[in-house]
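No lab work stands behind these numbers, since they all come straight from the coordinates. Predicted, not measured: the structure shown is a model, and the values here were computed from it. Using ideal geometry, Cβ is built from the backbone for each residue, glycine included, and neighbour counts are taken over all protein chains shown.
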Ligand code: SAM
């Protein structure tokens, strides 16, 4: 059986590239985005009642990881990228039908727009459906996953003398919690698990319209070096 689905909205996200997006929602509460609903869902009727809900499930398309040939096994970054697992044992982006799911905080409801935080989705992600989080059914006491029971351990993030004021200025200009966003995302240690970077190696990523650059003065410590606007 084949069935065609089409997006109900497109997410406008703080994340402009895949690198440094947290591996799951809620790891960066300062990660914000706006879900712009598409016709006919851009009318108030489609979201009536949603203001009573604190969190929503987003079902979405991993539009930058779609593949023609389905994989049976994948190498999740969480396991260091060198151990393969059955695709259905993981939340890998390369998967049949390319469907992702994230539970995110609903900050505001407007006709045609949902304001969201705690997201782990790339800018431009097509959203296929939105469902309210139902605490009694969606939170399971005693549930376990031996591969990913706890959130990944955070690493220390500090700032160069110039980078912190730069980040604060851009936070004011953007009206976004940019300092927190940078700290929360980099604390997830975005580098591939197998890389032990020399201290002189620079890493970078774009959040909103700013480029953030950092290095690892020690293998388990990040120093933010620069936060500059990039058009
Ligand atoms: N919470 C979702 C799930 O479990 O289905 C996503 C988990 S997936 C491991 C998270 C990663 O997906 C992020 O780190 C980001 O790099 C990637 N990602 C987010 N949006 C994407 C998109 N639209 N296309 C491709 N990759 C995306």
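Any chance you could count how many residues in region 79-105 are assigned to a helix (DSSP H, G or I), more than 30 Å from residue 47 (Cα to Cα) and either in contact with a strand residue (DSSP E or B) (Cβ under 6 Å, 6 or more places away or on another chain) or within 8 Å of the ligand (Cβ to nearest atom) (or both)? First the steps, then the outcome.
Step one: filter region 79-105 for residues assigned to a helix (DSSP H, G or I), giving 79, 87-89, 96-98.
Add one more test, that the residue is more than 30 Å from residue 47 (Cα to Cα), and what stays is 79, 87-89.
Cutting the leftovers down to either in contact with a strand residue (DSSP E or B) (Cβ under 6 Å, 6 or more places away or on another chain) or within 8 Å of the ligand (Cβ to nearest atom) (or both) gives us 87.
Selection size over region 79-105: 1.
Is it the case, given these coordinates, that residue 95 is crowded, with 16+ Cβ neighbours inside 10 Å and touching a helix residue (DSSP H, G or I) at 6+ places or on another chain (Cβ under 6 Å)? I'd like the intermediate steps shown before the answer.
Details: crowded, with 16+ Cβ neighbours inside 10 Å: yes; touching a helix residue (DSSP H, G or I) at 6+ places or on another chain (Cβ under 6 Å): yes.
Taking the combined requirement at face value, the residue satisfies it.
For region 132-155, name all the residues that are assigned to a loop (DSSP other than H, G, I, E, B) and in contact (Cβ under 8 Å) with a residue 40 or more places away in the chain. Show your work before the answer.
Applying the first criterion (assigned to a loop (DSSP other than H, G, I, E, B)) to region 132-155 yields 133-134, 139-155.
Hits for region 132-155 are 133, 147, 148, 151, 152, 155.
Looking at the structure I just gave you, is residue 34 over 22 Å from the mean Cα position of the chain (by Cα), surrounded by 15 or more Cβ atoms within 10 Å (Cβ to Cβ) and over 24 Å from residue 203 (Cα atoms)?
On the way: over 22 Å from the mean Cα position of the chain (by Cα): no; surrounded by 15 or more Cβ atoms within 10 Å (Cβ to Cβ): yes; over 24 Å from residue 203 (Cα atoms): yes.
No.
Take the residues in region 209-218 that are assigned to a strand (DSSP E or B) and touching a helix residue (DSSP H, G or I) at 6+ places or on another chain (Cβ under 9 Å); name whichever of them is farthest from residue 16 (Cα to Cα). Before you say what the answer is, go through the steps one by one.
Residues of region 209-218 assigned to a strand (DSSP E or B): 210-218.
With the extra rule that they be touching a helix residue (DSSP H, G or I) at 6+ places or on another chain (Cβ under 9 Å), the set shrinks to 210, 212-214.
On the way: 210: 10, 212: 12, 213: 15, 214: 17 Å.
The extreme case among them is 214.
Among the residues of region 60-74, are any within 26 Å of residue 137 (Cα to Cα) and either more than 15 Å from the ligand (Cβ to nearest atom) or outside any loop (DSSP other than H, G, I, E, B) (or both)?
Yes, because at least one residue in region 60-74 is within 26 Å of residue 137 (Cα to Cα) and either more than 15 Å from the ligand (Cβ to nearest atom) or outside any loop (DSSP other than H, G, I, E, B) (or both).
Which of the following residues is assigned to a strand (DSSP E or B) and more than 20 Å from the chain's Cα centre (by Cα): 129, 158, 169? So that I can check it myself, show each step before the final result.
Numbers: 129 fails: more than 20 Å from the chain's Cα centre (by Cα); 169 fails: assigned to a strand (DSSP E or B).
That would be 158, the only listed residue that is assigned to a strand (DSSP E or B) and more than 20 Å from the chain's Cα centre (by Cα).
Residues in region 108-129: is at least one within 30 Å of residue 43 (Cβ to Cβ), in contact with a strand residue (DSSP E or B) (Cβ under 8 Å, 6 or more places away or on another chain) and free of Cβ contacts under 8 Å to residues at least 12 places away in the same chain? Let's see the steps before the verdict.
First, pick out the residues of region 108-129 that are within 30 Å of residue 43 (Cβ to Cβ): 108-129.
Subsequent filtering for residues that are in contact with a strand residue (DSSP E or B) (Cβ under 8 Å, 6 or more places away or on another chain) retains 108-109, 112-129.
Next, only the ones that are free of Cβ contacts under 8 Å to residues at least 12 places away in the same chain stay: 108.
The answer is yes, given that some residue of region 108-129 is within 30 Å of residue 43 (Cβ to Cβ), in contact with a strand residue (DSSP E or B) (Cβ under 8 Å, 6 or more places away or on another chain) and free of Cβ contacts under 8 Å to residues at least 12 places away in the same chain.
Looking at (1) within 10 Å of the ligand (Cβ to nearest atom); (2) part of a strand (DSSP E or B); (3) crowded, with 18+ Cβ neighbours inside 10 Å, find the lone condition where residue 10 falls short.
In the conditions (1) within 10 Å of the ligand (Cβ to nearest atom); (2) part of a strand (DSSP E or B); (3) crowded, with 18+ Cβ neighbours inside 10 Å, residue 10 misses (1) alone.
In the list 64, 43, 26, 52, which residue meets the criterion of being over 24 Å from residue 174 (Cα atoms) and within 22 Å of the chain's Cα centre (by Cα)?
Values: 43 fails: within 22 Å of the chain's Cα centre (by Cα); 26 fails: over 24 Å from residue 174 (Cα atoms); 52 fails: within 22 Å of the chain's Cα centre (by Cα).
None of the other options fit; the residue is 64.
Scan region 185-208 and give yes if some residue there is under 20 Å from the mean Cα position of the chain (by Cα) and in a helix (DSSP H, G or I), otherwise no. Step through it out loud before you land on a result.
As a first pass, look at region 185-208 and keep what is under 20 Å from the mean Cα position of the chain (by Cα): 185-193, 203-208.
Next, from what is left, pick out any that are in a helix (DSSP H, G or I): 185-186.
Scanning region 185-208 turns up at least one residue that is under 20 Å from the mean Cα position of the chain (by Cα) and in a helix (DSSP H, G or I).
Results for (1) more than 15 Å from residue 131 (Cα to Cα); (2) near the ligand (Cβ under 9 Å from one of its atoms); (3) out of contact with any strand residue (DSSP E or B) (no Cβ under 6 Å at 6 or more places or on another chain); (4) outside any loop (DSSP other than H, G, I, E, B), shown as yes or no for each residue.
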{"site": "21", "(1), (2), (3), (4)": "yes, yes, no, no"}
{"site": "26", "(1), (2), (3), (4)": "yes, no, yes, no"}
{"site": "30", "(1), (2), (3), (4)": "yes, no, yes, no"}
{"site": "41", "(1), (2), (3), (4)": "no, no, yes, no"}
{"site": "51", "(1), (2), (3), (4)": "no, no, no, yes"}
{"site": "56", "(1), (2), (3), (4)": "no, no, no, yes"}
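When you scan region 153-167, do you find a residue that is surrounded by 14 or more Cβ atoms within 10 Å (Cβ to Cβ) and within 16 Å of the ligand (Cβ to nearest atom), even just one?
no
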